[in-house]
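What follows is one structure encoded as structure tokens, with my remarks underneath.
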């Protein structure tokens, strides 16, 4: 798998570039955020690469920073989000704005991105809230910390239950069945998170 490319920038557009690496020209899809940070054609540039292999094609996706690539990988790990929509998300919002929207359950902001409906936004929040915190910039952490009183956890057990229940209802489950599954999932104990409760609840609902 190609994970990194360094070479001469032959051309760039808002969503793609051609990079000459030792005489071989690679066409690479990029988000708008990377486009703005790129040098002009003729410059030597380095891109972090995600290689997407399909039966009929091999596509390269490039990012200016390792952080941007890692956020892209986490976005496309969510059911229903492929590389194309992942690039659209990174083009429609900056990395910190995406992370903040996910961590603060800002579904309204996420659904402003073309192709992101409410169910997709719900899945982003439920599946990634605990996974994107490590990608926050110091500035974002300071901003989020200012909004959260010291010593008060961002997520309580009740808010986790509510978030998971909302996600299950949006996925089409009946409220009564969903509530029973969530309660049973929480009762299993251990360290809990929104993602863990959701996974447990889905397993229980699948057995019904």
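The values are calculated or read from the model by the stated rules, or taken from the named source; none is laboratory data. Fair warning: this is a prediction, and the values are worked out from it, not measured in the lab. So basically every Cβ, Gly included, is an ideal-geometry build from the backbone, and we count neighbours across all protein chains shown.
Is at least one residue of segment 9-17 within 30 Å of residue 171 (Cβ to Cβ) and either touching a residue at least 60 places away in the same chain (Cβ under 8 Å) or buried (at least 16 other Cβ atoms within 10 Å of the Cβ) (or both)?
Step one: filter segment 9-17 for residues within 30 Å of residue 171 (Cβ to Cβ), giving none.
No, there is no match, as no residue in segment 9-17 is within 30 Å of residue 171 (Cβ to Cβ) and either touching a residue at least 60 places away in the same chain (Cβ under 8 Å) or buried (at least 16 other Cβ atoms within 10 Å of the Cβ) (or both).
Cβ-Cβ under 9 Å, sequence separation 6+ or interchain: first residue in segment 182-208 and touching a residue at least 40 places away in the same chain (Cβ under 8 Å), partner exposed (fewer than 15 other Cβ atoms within 10 Å of the Cβ) and part of a helix (DSSP H, G or I). Which pairs?
These pairs meet every condition: 194/159.
Out of all the residues in segment 90-135, which are under 14 Å from residue 76 (Cα atoms) and out of contact with any helix residue (DSSP H, G or I) (no Cβ under 9 Å at 6 or more places or on another chain)?
Passing the criteria: none in range.
Looking at segment 111-161 only, could you name the residues that are at pLDDT below 75, surrounded by 12 or more Cβ atoms within 10 Å (Cβ to Cβ) and under 19 Å from residue 95 (Cα atoms)?
Within segment 111-161, 140, 141, 143, 144 meet the criteria.
Go through segment 25-40 and report how many residues are farther than 19 Å from residue 91 by Cβ, at pLDDT 95 or above and surrounded by fewer than 15 Cβ atoms within 10 Å (Cβ to Cβ).
1
Checking the conditions here, which among 66, 43, 14 is out of contact with any strand residue (DSSP E or B) (no Cβ under 6 Å at 6 or more places or on another chain) and on the phi < 0 side of the Ramachandran plot? Don't jump to the end; show me each part of the working.
Details: 66 fails: out of contact with any strand residue (DSSP E or B) (no Cβ under 6 Å at 6 or more places or on another chain); 43 fails: out of contact with any strand residue (DSSP E or B) (no Cβ under 6 Å at 6 or more places or on another chain).
Going through 66, 43, 14 in turn, just one is out of contact with any strand residue (DSSP E or B) (no Cβ under 6 Å at 6 or more places or on another chain) and on the phi < 0 side of the Ramachandran plot: 14.
Looking at the structure I just gave you, is residue 62 farther than 24 Å from residue 194 by Cα and in contact with a helix residue (DSSP H, G or I) (Cβ under 9 Å, 6 or more places away or on another chain)?
Working: farther than 24 Å from residue 194 by Cα: yes; in contact with a helix residue (DSSP H, G or I) (Cβ under 9 Å, 6 or more places away or on another chain): yes.
Answer is yes for this residue.
For residues in segment 74-91 being within 22 Å of residue 138 (Cα to Cα) and in contact (Cβ under 8 Å) with a residue 60 or more places away in the chain, which is surrounded by the fewest Cβ atoms within 10 Å (Cβ to Cβ)?
If we filter segment 74-91 for residues that are within 22 Å of residue 138 (Cα to Cα), which is where we start, we get 74-75, 89-91.
Filter once more, keeping what is in contact (Cβ under 8 Å) with a residue 60 or more places away in the chain: 74, 91.
Values: 74: 21, 91: 18.
The residue in question is 91.
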